[in-house]
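As structure tokens, the structure follows; a few thoughts come after it.
Only the coordinates and a few stated rules stand behind these numbers; no lab work does. Just so it is clear, the structure is predicted and the values come from calculations on it, not from any experiment. With ideal geometry, Cβ positions are generated from the backbone for all residues, glycine too; neighbour counts draw on all protein chains shown.
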Amino acid sequence: MAKNNKTYTIGLDIGGTNMKVVLFDGEKVVADDSLATPRDSLDHFLVMVKALVDPMLARAKEIKARVLGIGLGIAGTLNSDRSIMLVSPNIPIINNVNLSEKLKSIIDLPVVVDNDANCFVRAEAKVGAGKGRQNVYGIIIGTGIGGGWWVNNEVYNVAHGGAGELGKFIVDLENGIGFEEAYHKIMQNNPAQMAEEAYRGDILAERNYEELGRMLGAALANIVNLIDPEIFVVGGSVVESSDLFLSQTKKMMKTHIESSEARKKVKIAKSKLGANMGAIGAALLARNT
């Protein structure tokens, strides 16, 4: 086989339920895979991450491709230089761990880490629904709820590593309840079943999705009034049932946006990259580091 002059990166999206991996050539996914996320011990976690990466390296060797490095997108709050996971709500075994160093020692490639929502918005801004725009806010709604802001061709960096956390927006002041907690209460911790009931015409389920739409619309209006993005891109498992709530989201958002121009122009789009969105963003992170 002739030498492959393209450069490749490997991206991993580490979620609370599943881990996804892609081998990415800068434009398209060449290979992908997934495994359940281990949450019993750090050693088991590292072993399973390596088990995802090794077949991607084997595929790269097969096509004579040079792999530049590995990117990880993980739900949680990183420190300001994105080297240590401070709090990962769904994978506490990695709290206060420098995953870059741990993985580099067993894989022998440069490893960079970012918040999963940052990886999502990076992917959507560069090759997805926000491509060509300079100011994109991405929202992931799945096991958890996260957000990331892409502005002036990069993810917005912050003083203390905690920006973009849409899921922590307080939506009930009296009880101190954030958006993520309220979402799970509305969905009764089972959004797939709630969606099925709503599609069957269950009135309570339909109303629950309408309430989600109103709550999300209010949150997005607050973001518009604060940072005025051109477009919101929504991803995660909730996208599959977006027709149950997105019209309410748009209605509520327009009701509470201050700028008349923003009310007319700001867009909401669904992710174009499917299940690999976060892993693609992590691969792009590794390419640009």
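Couple of notes before you dig in:
- If you run the Gaussian network model on the chain, springs between alpha carbon atoms under 10 Å, then out of Leu46, Leu204, Leu173 the most flexible one is Leu173.
- Ascending count of other beta-carbon atoms within 10 Å, so fewest first, for Glu210, Glu261: Glu261, Glu210
- Percent of beta bridges antiparallel (DSSP, the chain, rounded to nearest 5): 55
- Counting every other Cβ atom within 10 Å of each residue's Cβ, Arg287, Arg122 order from fewest to most as Arg287, Arg122.
- Antiparallel DSSP beta bridges within segment 135-289, percent to nearest 5: 55
- Ranked by how many other Cβ atoms sit within 10 Å of their own Cβ, fewest first, the residues Ile107, Ile91, Ile280 fall in the order Ile107, Ile91, Ile280.
- Between Lys126, Lys250, Lys50, the Gaussian network model of the chain with springs among Cα atoms under 10 angstrom shows the greatest mean-square fluctuation at Lys50.
- Projected over all directions and averaged, the alpha-carbon convex hull of segment 132-271 occupies 8.9 nm².
- Under the convention that each Lys and Arg Cβ holds +1 and each Asp and Glu Cβ holds -1, the size of the dipole of segment 80-139 around its Cα centre is about 240 debye.
- Largest GNM mean-square fluctuation across Ile63, Ile141, Ile257, computed for the chain with C-alpha springs under 10 Å, falls on Ile63.
- The lysines whose alpha-carbon is closer than 25 Å to the alpha-carbon of Lys64, local same-chain residues fewer than 8 away aside, are Lys3, Lys6, Lys20, Lys28, Lys50, Lys104.
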